[in-house]
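**Q** Quick one: structure below, then a few questions.
The values are calculated or read from the model by the stated rules, or taken from the named source; none is laboratory data. It should be emphasised that the depicted structure is a prediction, and the values quoted were computed from it without experimental measurement. Positions of Cβ are generated from backbone atoms using ideal geometry, with glycine treated the same way; all protein chains shown enter the neighbour counts. For accessibility, only protein heavy atoms count, side chains too; no ligands or nucleic acids. Shrake-Rupley method; radii C 1.70, N 1.55, O 1.52, S 1.80 Å.
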Amino acid sequence: ENNVQKLGGVARMAMATCLLLFLFSLACVYSASDSQHRRFEYKQSFKGPHLCDQRGRVFFWSLGGHALASDDQVRITASLRSQKGWMWTKMKTTYKNWEVEITFRVSGRARVGADGLAFWYTAEVGQEGPVFGSSDMWDGLGVFFDSFDNDGQQNNPYILVMTNNRTVSYDHASDGAEQQLGGCLRDFRNRPHPVKAKIRYYKGTLSVYFNSGVVVSDEGYDLCVEKENVVLPDRGYFGLSAATGGLADDHDVIAFKTMSLEAPLPEDRKDEGEEPVTLSESELEKLNQEFEQYSKSFEEQKETYSKEHPDPYEGYGDKFLVRNCVLYCGVCFV
């Protein structure tokens, strides 16, 4: 009887988790204020709290090297010499146009840090290597948050955007100056608050925006790079990597939010299929508030339940919860 009650409680928790994720999907799926339909892609995203499971795994992501996940962030590298870390999505994208918002912190005790953090969108998963912790000669996009001034031009920290088709080896000595698609001088080290970068790829136009973390805000983005006629793989993997050298910084990623972008149907084609649901800004704000309230309440109930019902079969409840959540929520999100 106790086991039946226990499984019943876990099942209720699984359904509650699905409801939580469903509310979040409603809040993030579509916005009526944009020219594109924006859909939240949870399999290519992560955010704390409770970012990882008890074994330090981030669902739908692979971690390697010195990367270490905690409750509220992923530390790609610690401020120790000669470290490399990385994390990649396990699944390829199923959409051509996308927007990624990364919230991160680069911090160190020294006046100068090294080496830097990289965002990737590539046709194949990268391996540990010499380009900010990942492999060289990639196929796709790299956005490098380069802390160290290798060429002595006194132009670091620097954000550099570079595409590759497996034919170019990144030139560390010149900090990729002659290889970049574009870039901008921005100080992202030791900021008062976490900084944010927004990378958008829509119909061949690549845009990179930066929020300097002076204040806590979802606004305040400055354009760093915008280029048209950029060709990237139709389907790919998102990744993050970082490296340290003789000097070292902590490279911490707090959130990674991915939205797929689709153009609205032309007026003469709207009768071919159902238009996606759109939400006003006030509706989005209301759903976000409900999500935050429900999330807090759910975590409190989960903690109380765990204390009152210690599980002799350690790990079984978590597996049951995750399995049912993934199976059930596949209908909600796909």
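**Q** How about region 158-185: which of its residues are of a type outside the set (K, R), open to solvent by 20 Å² or more (accessible area, probe 1.4 Å) and assigned to a loop (DSSP other than H, G, I, E, B)?
**A** Initial filter on region 158-185 (of a type outside the set (K, R)): 158-165, 167-185.
From what is left, the residues that are open to solvent by 20 Å² or more (accessible area, probe 1.4 Å) are 158, 163, 165, 167-169, 171-174, 177-181, 183, 185.
Result: T167, V168, S169, D171, H172, A173, S174, A177, E178, Q179, Q180, L181.
**Q** With respect to the numbered conditions (1) hydrophobic (A, V, I, L, M, F, W, C); (2) more than 22 Å from V231 (Cβ to Cβ); (3) modelled with pLDDT of 95 or more, which one is the sole condition not fulfilled by F188?
**A** Against the list (1) hydrophobic (A, V, I, L, M, F, W, C); (2) more than 22 Å from V231 (Cβ to Cβ); (3) modelled with pLDDT of 95 or more, F188 comes up short only on (3).
**Q** Can you spot a residue in region 80-98 that is assigned to a loop (DSSP other than H, G, I, E, B), β-branched (V, I, T) and under 18 Å from S45 (Cβ atoms)? Explain how you work it out, then say what you get.
**A** Looking only at region 80-98, we keep the residues that are assigned to a loop (DSSP other than H, G, I, E, B), and these are 80-83, 90-97.
Next cut, β-branched (V, I, T) only: 93-94.
Filter once more, keeping what is under 18 Å from S45 (Cβ atoms): 93-94.
Yes, region 80-98 contains a residue that is assigned to a loop (DSSP other than H, G, I, E, B), β-branched (V, I, T) and under 18 Å from S45 (Cβ atoms).
**Q** Here's something else I'd like to know. Report yes if V231 is open to solvent by 40 Å² or more (accessible area, probe 1.4 Å), more than 26 Å from H66 (Cα to Cα) and modelled with pLDDT under 95, otherwise no. So that I can check it myself, show each step before the final result.
**A** Details: open to solvent by 40 Å² or more (accessible area, probe 1.4 Å): yes; more than 26 Å from H66 (Cα to Cα): yes; modelled with pLDDT under 95: no.
Taking the combined requirement at face value, the residue does not satisfy it.
**Q** Give the residue, chosen from R200, R235, R191, that is part of a loop (DSSP other than H, G, I, E, B), within 18 Å of the chain's Cα centre (by Cα) and not β-branched (V, I, T). Please lay out each step first, then the result.
**A** Working: R200 fails: part of a loop (DSSP other than H, G, I, E, B); R191 fails: within 18 Å of the chain's Cα centre (by Cα).
Going through R200, R235, R191 in turn, the sole match is R235.
**Q** From the residues in region 186-212 that are aromatic (F, W, Y) and touching a residue at least 40 places away in the same chain (Cβ under 8 Å), which one is surrounded by the most Cβ atoms within 10 Å (Cβ to Cβ)? Quick ask: steps written out before the conclusion?
**A** Step one: filter region 186-212 for residues aromatic (F, W, Y), giving 188, 201-202, 209-210.
Narrowing further to those that are touching a residue at least 40 places away in the same chain (Cβ under 8 Å): 188, 201-202, 210.
Values: F188: 26, Y201: 19, Y202: 16, F210: 21.
Restricting to residues being aromatic (F, W, Y) and touching a residue at least 40 places away in the same chain (Cβ under 8 Å), the top hit is F188.
**Q** Do we have Y237 as under 28 Å from V58 (Cβ atoms) and crowded, with 21+ Cβ neighbours inside 10 Å here?
**A** Here the answer is yes, as Y237 does meet what is asked.
**Q** While we're here: Filter region 61-99 for residues that are aromatic (F, W, Y), under 28 Å from S147 (Cα atoms) and open to solvent by less than 30 Å² (accessible area, probe 1.4 Å) and give the result. Before you say what the answer is, go through the steps one by one.
**A** Step one: of region 61-99, the residues aromatic (F, W, Y) are 61, 86, 88, 95, 98.
With under 28 Å from S147 (Cα atoms) added as a condition, the list becomes 61, 86, 88, 98.
Within region 61-99, W61, W88, W98 meet the criteria.
**Q** Another one. Looking only at region 133-157, which residues are among the small types (G, A, S), part of a loop (DSSP other than H, G, I, E, B) and within 17 Å of T244 (Cα to Cα)?
**A** The first filter runs over region 133-157 and keeps only residues among the small types (G, A, S), leaving 133-135, 140, 142, 147, 152.
Now drop any that are not part of a loop (DSSP other than H, G, I, E, B), which leaves 133, 135, 147, 152.
Result: G133, S135, S147.
**Q** Then there's this: Looking at S174 and the list (1) more than 17 Å from the chain's Cα centre (by Cα); (2) of a type in the set (S, T, Y); (3) closer than 15 Å to T258 by Cβ, which single condition is not satisfied?
**A** (3)
Residues checked against (1) acidic (D, E); (2) touching a His at 6+ places or on another chain (Cβ under 9 Å); (3) open to solvent by less than 10 Å² (accessible area, probe 1.4 Å):
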residue: F59; (1), (2), (3): no, no, no
residue: E101; (1), (2), (3): yes, no, no
residue: R105; (1), (2), (3): no, yes, no
residue: A114; (1), (2), (3): no, no, yes
residue: V125; (1), (2), (3): no, no, no
residue: D136; (1), (2), (3): yes, no, no
residue: G140; (1), (2), (3): no, no, yes
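**Q** Given the criteria crowded, with 22+ Cβ neighbours inside 10 Å, touching a strand residue (DSSP E or B) at 6+ places or on another chain (Cβ under 7 Å) and at positive phi, does F132 qualify?
**A** Working: crowded, with 22+ Cβ neighbours inside 10 Å: yes; touching a strand residue (DSSP E or B) at 6+ places or on another chain (Cβ under 7 Å): yes; at positive phi: yes.
Yes; evaluated as a whole, the condition is true for this residue.
**Q** Suppose the filter is modelled with pLDDT of 95 or more and of a type in the set (K, R); does K92 pass it?
**A** Details: modelled with pLDDT of 95 or more: yes; of a type in the set (K, R): yes.
For K92, the condition - modelled with pLDDT of 95 or more and of a type in the set (K, R) - is met.
**Q** Out of all the residues in region 142-152, which are surrounded by fewer than 23 Cβ atoms within 10 Å (Cβ to Cβ) and small (G, A, S)?
**A** Quick first cut of region 142-152, residues surrounded by fewer than 23 Cβ atoms within 10 Å (Cβ to Cβ) only: 148-152.
Once the filter is applied, which keeps residues that are surrounded by fewer than 23 Cβ atoms within 10 Å (Cβ to Cβ) and small (G, A, S), region 142-152 yields only G152.
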